[in-house]
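A quick write-up on the structure given underneath.
The values are calculated or read from the model by the stated rules, or taken from the named source; none is laboratory data. Owing to the predicted nature of the structure, the values given are computational and were not obtained by experimental measurement. Glycine gets a Cβ as well: all are built from the backbone with ideal geometry, and neighbour counts include every protein chain shown.
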Amino acid sequence: MLDTQKRHRNTILNFAAIGVLIVFLLIIDGIGSVKLEQAFALFAIWGIAAVSLNLINGTTGILSLGHHGFMLIGGYITALLILSSESRARIANSARSQMNEFTLGLSIKNWFEALGLNALATDDTLWLRFIVAIVIGGIISMIFGLIVGIPSLRLRGDYLAIVTFGFGEIIRLLASTRLFAPFTNGSLGFSGVPSEFGKSLWWTFGFLAITVFVMAKLKYSSYGRALQGIREDEIAAEAMGVNLAYHKVLAFAISAFFAGIAGGLWVSWLATARLDVFLFTLTFFFLVAVSVGGTGSVTGVLIGTALVVFVRQYGDPLEESYTLWQWLLAGGVLLLAAAVATLIYRNIRRLRPRLNASIYIVVGLGIIALLIGLFAASGGQLQSEYRAFGMRAIILSALLVIIMIFKPDGILGQAEFNWAWLFRERKDQPTDEERAQDAWLTGPELSKRLEAAETREASAETAGESSEAN
Amino acid sequence: MAMLEIDDINKSFGGLQAITDLNLKVNEGEIVSVIGPNGAGKTTLFNLITGVYKPDVGDIRFEGNSITGLKPDQIVDRGIARTFQNLRLFTNLTVLENVLIPQHHKLKSTWFSAVFRTPGYLRREQQMREQALEKLSFFGPRLMSFRLYQPVYVLSYANRRRTEMARAMATGAKLLLLDEPSAGMNPKETAEITQIIKRMRDEGGYTILLVEHKMNLVSEISDRVVVLDYGQKIAEGDYQDVVNDPKVIEAYLGKKAEGDEAQNDQLTEGDGRTS
Amino acid sequence: MAVSSIPEPKKRNWAPYLIIGAILMIVIGRIIFLGTVSDRFNAAFFTRAITESFKLGSLYALIALGYTMVYGIIRLINFAHGEVFMVGAFATFFLFSAAPYPWPVAVLVAIPIAFGVMRILDFWRGKMTDPIVLAGGGVVFFIAVWLLSATTVNFVLALIFSMLITGVLGIFIDRIAYSPLRGAPRNSMLITAIAVSFFLQNFGLLTLTRRQTPFRPDTVLNNSLVFNMFDGTVRTSWLIVVIPLISLVLVIALTLFVTRTRLGKAMRATAQDAEVAQMMGVNVGRVIATTFLLGSMLAAAGGAMWGLNFGSLNQPAILGILPGIKAFAAAVIGGIGSLPGAVIGGLIIGFAENFLTAIFPRTPEFAGITEFKDTFAFILLIVILLVRPSGIIGEDLSEKV
């Protein structure tokens, strides 16, 4: 197929895919299951955050751990700007309110009214105010992104990661202090944030589509290539004319902007803005999504996000209470499964020794746990109920460790899903004709000219080398 | 006026004087080789010219303008590009991408127009692509067609060297600094790269400053040879004159003592044969 | 020569000294100002503040040593070290507070203790299957089982047990999570360390406790200590003596170990260049295990004394974070990779934290200051990393681990 034909085919397939996605969303909307809708909306929101984190972590190769700080800024600003008058009145009347007259008046509704745009200040046009608010949140978050990006000019690698982590935590800690409490209402936060946007599939997926569009196009533009060059080799990139300072800060700024957008949608999804929803845990979840899905790959990150959201939304059975013997059984099975998986892995990779001494310990512990569990179950002992809080985070962190060990680039690596992939078209494989030509080029036995050159050069080289050897 | 003028530069690392009072002129269209024993300061010289280090004293001028104290990317903008001794390619990117990245600094479009693929940006992208193919075609068909889309890590060592040279050319530089372009290549490939460097000057119009250890390559293509030892220029001129200079022989082989005569003869003899 | 292989010239950087000098000037100026207007700043106040600073600083130093040792050997910022500290604190708490254990629990607890003892005997014998090592492990196992199941453990014994358990945990973490990543990009190692940190936090929530735990063991160590200075009474506890003393003993033991023993010398060689050390016959795997064992043991000691000092343990998910971050800042201040640097950095952090909160009177106008205490730790960390990542002590003083 010709290149233009392929491009047309890809365009048609892209539109078809978008159509399928819309139909899919319509179906989910039609099913009417709140839980399912929420899960999908959350997927879109976290997808925005994870894909934007991927711009720094994956494309530019700077490990950034301060994403929750950017989201906090975007989230609080959006919440503050669109908070309804009733909620404001409730805060104002509350004795524990930490807000003042000025911050309570920060509302887009007020601004529109002051400008005489009363039509835009009604309840029907809340969506417009939401867009304005979320964009303002994104922009202010972007300014913070610029600030956080500046250390990246001096530091590299793990030290820089710690600095971004520090910035994220500073933003969170400062938000609770007296200085900023008028804006954030201290530890109380805001409740009653309009939630029709964050919980709506159309709003969230709309923003996700914009984010994915921008990130994908950016990755395959000249700027994206420059960022990838920085990831591969900073010194070489600089020696090839890439302005490191500008591009690194640019990556931070764009990423922070979308993180701010994600933060705005996230508070809307939660319907509250509190400080404890912007913990480092949030960044950790995105880190899992980016690392598991594929560092640098937008599609991979979306796959990773789907996994994280699934564990978070549908992982409740993990955290319910079970009796102790059930836990023992589960633990035993898990240990045995781990031992078997190690065995299979070592077998496939032909690693020696196939059986490490520690495997016997693991197997032994697993069998003991299984036996105790079984005996206790039949004997009616160990019946006390036990609830495993935090099991989801444990599973995600264990998953992250496993991915880092066995596939550090994630499931997709840096590869992006594309249609050529699906049709098994590979540009980087030679055609038979090219293969023959290549063999001719490199194999002296196939080319008289090269052979002659080689013999001539070989004699020259031995002479040259003898002089160097001295 | 010389294209590159280096005036009395000095550079020291702590107590180690790496470059002392070095003067160097490179005229337009010349191929100048810098040779010298290991640790003579050749790569330091390259690092000073390209802005990786700043000279302690002295001035470096390119086309009459001082480039001392500029950052590496600004110096590339002025028109000096380099290759690295031990290959610093963007290993996980394709050959084509490797040659596109050095053209990024000439891009006038903002990131916004790049994301939304404005016609202006697309035109530039097309130009960049043509430019990249042109530079890669210097090395014959071996980096073309399917190789364009292969990640660099699958390439052979020689092909990586070639890619790096194409990458340096793609910056749009007028002066290329090649740091051991034939390192790790077999005689056949060395002969080929020698021809290519010649063609780069003759057909591409580049001025070339190169560091090299293989004397046959140096003797074949250099218009001028500069010998460094302990950060000082000890000889400069025609290849034949330079290798017969007693100071150079001393730098390479140490002070003449009894028993060294035979080795000296061998050096001149061996080089005589290749040139 | 590669670009990166040439060291950048060392420039005298005055900025950190100026910043620290400015902070000191502000603090001293403030003290002098307040000293003239109130009688709070008498000799008793300073005695108390300085001893408290030493106490806190030595705790940070203990934790910082773990960071600095691990970074020195495998160039990893061990994000999970704060959680190791948390485990150490809780291990001491549970060993000490619960009355005699039922025998199955005692056996389970005694296994890591015995293993830890075997590891330590292994320093001397050099082989885990050595008869003396095995016999030592066996003996300790039975003694530990007997002690745990038949008697109540006193604090010092609980501390030692907890150090052994946590040390073994450190080795275990390294074996499972870090060792497969040797030679991987440092970002991958850091991500793994973060994952381990999360794992331990949540595993702590799952298995240990979910709320703040009071920890006021009834030992002679925290008896109150009241003595008269010439112009006031200092009310404090014996901890101001005990904690720096225990820390000092541990640090001296560590220093002796690193400088005098074969394994310690191997550690220093590995810190210089792991690859070359390996070629010279150093068993790098053993060195790394030793590093994690020692670092985690010190963190456990820090954790136990932390609980003793503050009288309560925060819930597992947050107990380790702030001390960990502050100790990491301390390690960086002292020059990461340097043992004396970590101790000095720990003391600096201890003094800074204590004095910055102590000199401000508890009046409403200064009430906001303490809110910034935690923020201050992060700001300090960022400033130090930005201004002088190699630490203020500099190269000449720092002895690489």
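Listed values, structure above:
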quantity	calculated
Filtered residues of the range B:78-97 (kept if in a helix (DSSP H, G or I), more than 7 Å from chain A (Cβ to nearest Cβ) and out of contact with any Leu (no Cβ under 6 Å at 6 or more places or on another chain))	B:Arg78
Condition met for B:Asp229 (farther than 24 Å from A:Ala239 by Cα, modelled with pLDDT under 85 and more than 11 Å from every other protein chain (Cβ to nearest Cβ))	no
Residues that are assigned to a helix (DSSP H, G or I) and over 26 Å from B:Arg78 (Cβ atoms), drawn from the range B:194-220	B:Thr194, B:Gln195, B:Met215, B:Asn216, B:Leu217, B:Val218, B:Ser219, B:Glu220
Verdict on B:Met144 being on the phi < 0 side of the Ramachandran plot, crowded, with 19+ Cβ neighbours inside 10 Å and among the hydrophobic types (A, V, I, L, M, F, W, C)	no
Residue that is modelled with the lowest pLDDT, among those in the range C:1-41 that are closer than 23 Å to C:Val383 by Cβ and part of a loop (DSSP other than H, G, I, E, B)	C:Glu8
Subset of the range A:41-64 (residues that are touching an Asp or Glu at 6+ places or on another chain (Cβ under 9 Å) and on the phi < 0 side of the Ramachandran plot)	A:Leu63
Within the range C:139-196, considering residues that are aromatic (Phe, Trp, Tyr), more than 27 Å from C:Val70 (Cβ to Cβ) and buried (at least 18 other Cβ atoms within 10 Å of the Cβ), the one modelled with the highest pLDDT	C:Phe141
Qualifying residue in the range A:119-139 (condition: surrounded by 18 or more Cβ atoms within 10 Å (Cβ to Cβ), within 35 Å of the chain's Cα centre (by Cα) and assigned to a loop (DSSP other than H, G, I, E, B))	no
So C:Ser296, is it out of contact with any Cys (no Cβ under 7 Å at 6 or more places or on another chain) and surrounded by fewer than 18 Cβ atoms within 10 Å (Cβ to Cβ)	no
Members of the range A:290-338 that are within 20 Å of A:Leu412 (Cα to Cα), part of a helix (DSSP H, G or I) and within 12 Å of another protein chain (Cβ to nearest Cβ)	A:Val290, A:Ser291, A:Val292
Exclusive hit being under 19 Å from B:Thr83 (Cα atoms) and in a helix (DSSP H, G or I), set B:Ala158, B:Ala173	B:Ala158
So B:Glu212, is it within 14 Å of another protein chain (Cβ to nearest Cβ), under 20 Å from the mean Cα position of the chain (by Cα) and surrounded by fewer than 21 Cβ atoms within 10 Å (Cβ to Cβ)	no
Index of the failed condition, C:Gly183 passing every other in (1) at the interface with another protein chain (Cβ under 8 Å from one of its Cβ atoms); (2) more than 19 Å from the chain's Cα centre (by Cα)	(1)
Checking A:Ser200 against (1) farther than 25 Å from B:Val152 by Cβ; (2) at pLDDT 90 or above, the condition it does not meet	(2)
Any hit, the range A:275-282, residues being of a type in the set (Asp, Glu) and more than 14 Å from chain B (Cβ to nearest Cβ)	yes
Set C:Ile288, C:Ile243: member being within 22 Å of C:Ser179 (Cβ to Cβ) and part of a helix (DSSP H, G or I)	C:Ile288
Residue that is farthest from C:Ile325 (Cα to Cα) [pool: residues in the range A:165-179 that are among the β-branched types (Val, Ile, Thr) and within 7 Å of another protein chain (Cβ to nearest Cβ)]	A:Thr177
Of residues in the range A:385-397 being in a helix (DSSP H, G or I) and crowded, with 20+ Cβ neighbours inside 10 Å, the one farthest from the chain's Cα centre (by Cα)	A:Met391
Among residues of the range C:297-323, those that are assigned to a helix (DSSP H, G or I), more than 8 Å from the chain's Cα centre (by Cα) and more than 15 Å from C:Leu95 (Cα to Cα), counted	11
The one condition in (1) among the basic types (Lys, Arg); (2) assigned to a helix (DSSP H, G or I); (3) touching a residue at least 40 places away in the same chain (Cβ under 8 Å) that A:Lys109 fails to fulfil	(3)
Filter result (surrounded by fewer than 17 Cβ atoms within 10 Å (Cβ to Cβ) and facing chain C (nearest Cβ under 10 Å)) within the range A:362-384	none
Residue match in the range A:217-240 (condition: under 17 Å from the mean Cα position of the chain (by Cα), more than 9 Å from chain B (Cβ to nearest Cβ), not aromatic (Phe, Trp, Tyr) and not in a strand (DSSP E or B))	yes
Top-ranked residue in the range B:215-240 [being surrounded by fewer than 22 Cβ atoms within 10 Å (Cβ to Cβ) and touching an Asp or Glu at 6+ places or on another chain (Cβ under 6 Å); ranked as farthest from B:Gln17 (Cα to Cα)]	B:Asp223
Selected residue (criterion: nearest to A:Leu244 (Cα to Cα)) from residues of the range A:154-164 that are within 7 Å of chain C (Cβ to nearest Cβ) and part of a helix (DSSP H, G or I)	A:Gly157
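Yes/no matrix, rows are residues, columns are (1) within 9 Å of another protein chain (Cβ to nearest Cβ); (2) touching a helix residue (DSSP H, G or I) at 6+ places or on another chain (Cβ under 8 Å); (3) outside any loop (DSSP other than H, G, I, E, B); (4) more than 30 Å from B:Asp241 (Cα to Cα):
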position	(1), (2), (3), (4)
B:Ser33	no, yes, yes, no
B:Pro37	no, yes, no, no
B:Thr44	yes, no, yes, no
B:Leu48	no, no, yes, no
B:Gly51	yes, yes, no, yes
B:Lys54	no, yes, no, yes
B:Asp59	no, no, yes, no
B:Thr68	no, no, no, yes
B:Val76	yes, yes, yes, yes
